[in-house]
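Trainee: The structure follows.
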């Protein structure tokens, strides 16, 4: 949830900084996480059809928007791993979104060309997934060119640079998994963390009973 009273759909996994995250619950004892201290969100699936993959990716993208749409007034930055202004387009300021599945149950020969079209029309690229890990198909993320060499990067956009899709496969099935863990760890360690101003969460809740701890 953010301080404009927007609430995401349920996420399978939420990565957050427990040191700065207050406990928000409603009258049904459902827990809510303020987006300021959230670092990553993930979906875990089994076998995905192309339709299922599109649905899962767009769900992640919409949830990822919550941090971008919030009003940062009153929030203070407690961790920032880049020198630019917060919200300037750095990937560290965005939620790290990932999808893990057993396999993709469709022909993936052209998936690198198709992935961008899986998202709803008009979606800003920065809200796209960071990584997709299929236990049977490998890892999908992005790459950039550095001195004529290709280099993988786990962010769809950094500032105004939009990166292209890449598919990582290996005879050793653990290689994509190890790469995924490396990207996840590095992104979590580098993520920008804000401390929410609880006063901003007290408005617009006329129909809810929220408990703070």
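The values are calculated or read from the model by the stated rules, or taken from the named source; none is laboratory data. Since this is a predicted model, take the numbers as computed values, not measurements. Glycine gets a Cβ as well: all are built from the backbone with ideal geometry, and neighbour counts include every protein chain shown.
Trainee: So which of 9, 25 ends up being modelled with pLDDT under 95, touching a helix residue (DSSP H, G or I) at 6+ places or on another chain (Cβ under 8 Å) and surrounded by fewer than 19 Cβ atoms within 10 Å (Cβ to Cβ)?
Mentor: 9
Trainee: Given the options 165, 200, 130, name the one that is surrounded by 14 or more Cβ atoms within 10 Å (Cβ to Cβ), under 23 Å from residue 36 (Cα atoms) and over 15 Å from the mean Cα position of the chain (by Cα).
Mentor: Step by step, each of 165, 200, 130 is checked, and only 200 is surrounded by 14 or more Cβ atoms within 10 Å (Cβ to Cβ), under 23 Å from residue 36 (Cα atoms) and over 15 Å from the mean Cα position of the chain (by Cα).
Trainee: Residue by residue through segment 35-74, note down the ones that are surrounded by fewer than 20 Cβ atoms within 10 Å (Cβ to Cβ), at pLDDT 95 or above and outside any helix (DSSP H, G or I).
Mentor: Once the filter is applied, which keeps residues that are surrounded by fewer than 20 Cβ atoms within 10 Å (Cβ to Cβ), at pLDDT 95 or above and outside any helix (DSSP H, G or I), segment 35-74 yields 44, 45, 46, 47, 49.
Trainee: While we're here: Is segment 139-154 home to any residue that is in contact with a strand residue (DSSP E or B) (Cβ under 8 Å, 6 or more places away or on another chain), part of a loop (DSSP other than H, G, I, E, B) and modelled with pLDDT under 95?
Mentor: Looking for residues that are in contact with a strand residue (DSSP E or B) (Cβ under 8 Å, 6 or more places away or on another chain), part of a loop (DSSP other than H, G, I, E, B) and modelled with pLDDT under 95, one finds none in segment 139-154, hence no.
Trainee: For residue 114, work out the one condition from (1) over 22 Å from residue 12 (Cα atoms); (2) in contact with a strand residue (DSSP E or B) (Cβ under 6 Å, 6 or more places away or on another chain) it doesn't fulfil.
Mentor: Of the numbered conditions (1) over 22 Å from residue 12 (Cα atoms); (2) in contact with a strand residue (DSSP E or B) (Cβ under 6 Å, 6 or more places away or on another chain), the odd one out for residue 114 is (2).
Trainee: Right, something else. If you go through segment 156-172 one residue at a time, do you hit one that is under 21 Å from residue 40 (Cα atoms), free of Cβ contacts under 8 Å to residues at least 24 places away in the same chain and either assigned to a loop (DSSP other than H, G, I, E, B) or in contact with a helix residue (DSSP H, G or I) (Cβ under 9 Å, 6 or more places away or on another chain) (or both)?
Mentor: The answer is yes; a qualifying residue exists.
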